[in-house]
Structures are given as structure tokens and as C-alpha cells.
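*Asks:* Please see the structure below; I have some questions.
The values are calculated or read from the model by the stated rules, or taken from the named source; none is laboratory data. Since the structure is predicted, the reported quantities are computational estimates derived from the model, not experimental observations. Every residue, glycine among them, receives a Cβ derived from its backbone with ideal geometry; neighbour counts consider all protein chains shown.
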Amino acid sequence: MNTLNTFLIGADPEYVALNKGEVVNVKAYTTKEAPDVALDHNGDVLEIKPKPTKSSFRLVRRMRKLLLLHAVSKQLINAGYQFRGGAHIRTPKRLLTLGGHIHFDIPCGTDGYRNSSIPIEALPKANQEIVRALDALTIMLESLDILPKEDCLHRRSYGQLDYGKLSAVRGADLDNHFEYRSMCSWLYSPVTTMICVTAAKLVAASPAIMKTESLTLRVLFETFKSKDIDAARVVEKIFEPKLKLEARVDLDIQDTWKSLKKLGGIEGHAVSSTL
């Protein structure tokens, strides 16, 4: 399996469980330290933690299993709750922001920032270039409304923390590798998830691509499709069939993730024999 990236990618995207439109606190189902399906925001938010891999499609497959087949998820589903992603959701008490955090097995090159926010100026120059390229990608995805533009702007303006702000980077818990936190939760659709995660790993592997004049999202994937099986999958399974790309944050994740058929099936057969 050929991938442009030599590093592993991971993620811990956030989402909520809803009961008749109201956010469910999930403290009775999981913990913050749980390894696969955990809670955040004092139990009002869920996050999945798929095992890292070089392949974004393999990561998407692992996300599907955690969202639908993990014991915690099954309990929530059997209780009749729905799952929702997006940029934010309002509760009677507060606004919950939801992040689509992507992890890169690339050392931060900094000390003292494990599990905490890192000012971009504290990163080595090469990593600064990666983060700025990821910022440009995030803006592109929002401008296309693949990520919900207005909701993302609202999330970005929320409070004094780095929720959704550009160049939001955090050091990983143990290995001091970095986590990009500027994208909102793309979990509302596996197609959107595949686009966001694949584009992010391509840009992290080759940040100069975002400086290409008149770059389009499709050109980004076309540029690397002969070198990266995930880029080829996006071109052949999403762009060539002209799948509709829109931020439908109102959809139930349990419905949109039932099948990965649009992406080539959950078995992940190779898309192109030329790779």
C-alpha cells in the first residue's frame, strides 16, 4: 500500500449523543480516560480514538467500528440516542464546540507542551510550515462548505480558548507529537471525513502544495493520486462519481456511517492497480 506520508495519522474527533434533540451526558457510559470511546466536556461530548495508521481510509474504517460497533456505542444506540457532529451545539447551559482533531506522528520539536496548546512560533520552522498549510486547507474546506463555514466561524470566535482558531496545535500526551485542532468535527459524513483526513495528511507530508497558484481541492488530490492510495480513492470514489459534498451537520451519524460503500466498501480493496 503506497502512501505519500511516512508518518502515522490518528484522530480523536468529537460528537454528541442526542435524546429528542437534547444533549445526553454520557458519564454513565464511559470515562475521559477510556481508550476507544471516551467522554469530554464533563460528559456532554463523546470522542473516538481509533488506532493510528498511515492510511486515512483504514482510519475511517476504524472510526466506523468505534461509532457503531463498540460496546459503549451499542449501549447508547440501544438507548435510542442519536449521534451528531459539526462545529457546535447549544445546550440550555452553554455552547458546546466540537473539534475534528487530527494527530500526526511528527515530533513537535518543542519541550514543555505535552498535552497543552503550542504557540505556532514555538514550533520548528518546518512544523510551522505544516501548520500554516493546514490552516490554508481548513479555510479551503470551509469556503467550499464541506466544513460548515458559518458554524466554524462561530466556533472560532467562542471564548478565549483555541477552539477552532487557526494554528491551534497541541502536543500529544506521551510522545510529544502534534495534534491539529482547527477543523470542526467532520464526523457527520464518512465522505467528508475521508476528504478532510486524507487532505490533511497529504498537506502535512507536502505543505508546499498549498502555495500552488489557483489550487482547487480536486487538484490537490489529483496531484498525489499516483503516489498515495488514499488520494486515488478520493478521486475515483468521490470526485469522479461527482458525489454531492455539503456540510449536513443535521444528519444522524448512525445513518450516514451505516455503509462505506461510496468509498469502496468496508473491506478496503485497492482502488487502482497502478498503485
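*Asks:* How about the range 39-52: which of its residues are within 16 Å of the chain's Cα centre (by Cα) and surrounded by 18 or more Cβ atoms within 10 Å (Cβ to Cβ)?
*Replies:* Listed by number, the residues that qualify are V45, L46, E47, I48, K49, P50.
So that you can scan it fast, the table gives a plain yes or no per residue for (1) touching a strand residue (DSSP E or B) at 6+ places or on another chain (Cβ under 6 Å); (2) at positive phi; (3) buried (at least 22 other Cβ atoms within 10 Å of the Cβ):
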| site | (1), (2), (3) |
| --- | --- |
| K165 | no, no, no |
| V169 | yes, no, yes |
| W186 | no, no, yes |
| A199 | no, no, yes |
| A204 | yes, no, yes |
| R248 | no, no, no |
| K258 | no, no, no |
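*Asks:* Which members of the range 136-155 meet the condition of being in contact (Cβ under 8 Å) with a residue 12 or more places away in the chain and buried (at least 20 other Cβ atoms within 10 Å of the Cβ)?
*Replies:* Listed by number, the residues that qualify are L137, T138, L141, I146, L147, P148, D151, C152, R155.
*Asks:* Scan the range 80-103 and give yes if some residue there is under 28 Å from V234 (Cα atoms) and among the basic types (K, R), otherwise no.
*Replies:* Yes, the range 80-103 has at least one match.
*Asks:* Still on this model: Every residue in the range 238-262 that is closer than 19 Å to L59 by Cα, of a type outside the set (A, V, I, L, M) and touching a residue at least 40 places away in the same chain (Cβ under 8 Å), please.
*Replies:* Q254, T256, W257, K258, K262
*Asks:* Can you find a residue that is more than 23 Å from D135 (Cα to Cα), among the acidic types (D, E) and modelled with pLDDT of 95 or more anywhere in the range 247-263? Before the answer, list the steps.
*Replies:* Kept after step one, since they are more than 23 Å from D135 (Cα to Cα), are these residues of the range 247-263: 250-263.
Now drop any that are not among the acidic types (D, E), which leaves 250, 252, 255.
Then drop every residue that is not modelled with pLDDT of 95 or more, which leaves 252, 255.
Looking for residues that are more than 23 Å from D135 (Cα to Cα), among the acidic types (D, E) and modelled with pLDDT of 95 or more, one finds at least one in the range 247-263, hence yes.
*Asks:* Right, another one. Of all residues in the range 16-26, which are surrounded by 12 or more Cβ atoms within 10 Å (Cβ to Cβ) and part of a loop (DSSP other than H, G, I, E, B)?
*Replies:* The answer is V24, N25, V26.
*Asks:* Let me ask something else about it. Please work out if L67 is at pLDDT below 95 and outside any loop (DSSP other than H, G, I, E, B).
*Replies:* no
Here is a yes/no grid of residues against (1) closer than 30 Å to E121 by Cα; (2) aromatic (F, W, Y); (3) in contact with an Asp or Glu (Cβ under 8 Å, 6 or more places away or on another chain); (4) at pLDDT below 95:
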residue: H177; (1), (2), (3), (4): yes, no, yes, yes
residue: S185; (1), (2), (3), (4): yes, no, yes, no
residue: E240; (1), (2), (3), (4): no, no, no, no
residue: H269; (1), (2), (3), (4): no, no, no, yes
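*Asks:* With (1) surrounded by fewer than 21 Cβ atoms within 10 Å (Cβ to Cβ); (2) in a helix (DSSP H, G or I) as the list, and G80 as the residue in question, which single condition is left unmet?
*Replies:* (2) is the only condition that G80 fails.
Yes or no, residue by residue, for (1) among the acidic types (D, E); (2) farther than 29 Å from A204 by Cβ; (3) at pLDDT 95 or above:
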site: A28; (1), (2), (3): no, yes, yes
site: E47; (1), (2), (3): yes, no, yes
site: K51; (1), (2), (3): no, no, yes
site: R61; (1), (2), (3): no, no, yes
site: I77; (1), (2), (3): no, yes, yes
site: K93; (1), (2), (3): no, yes, no
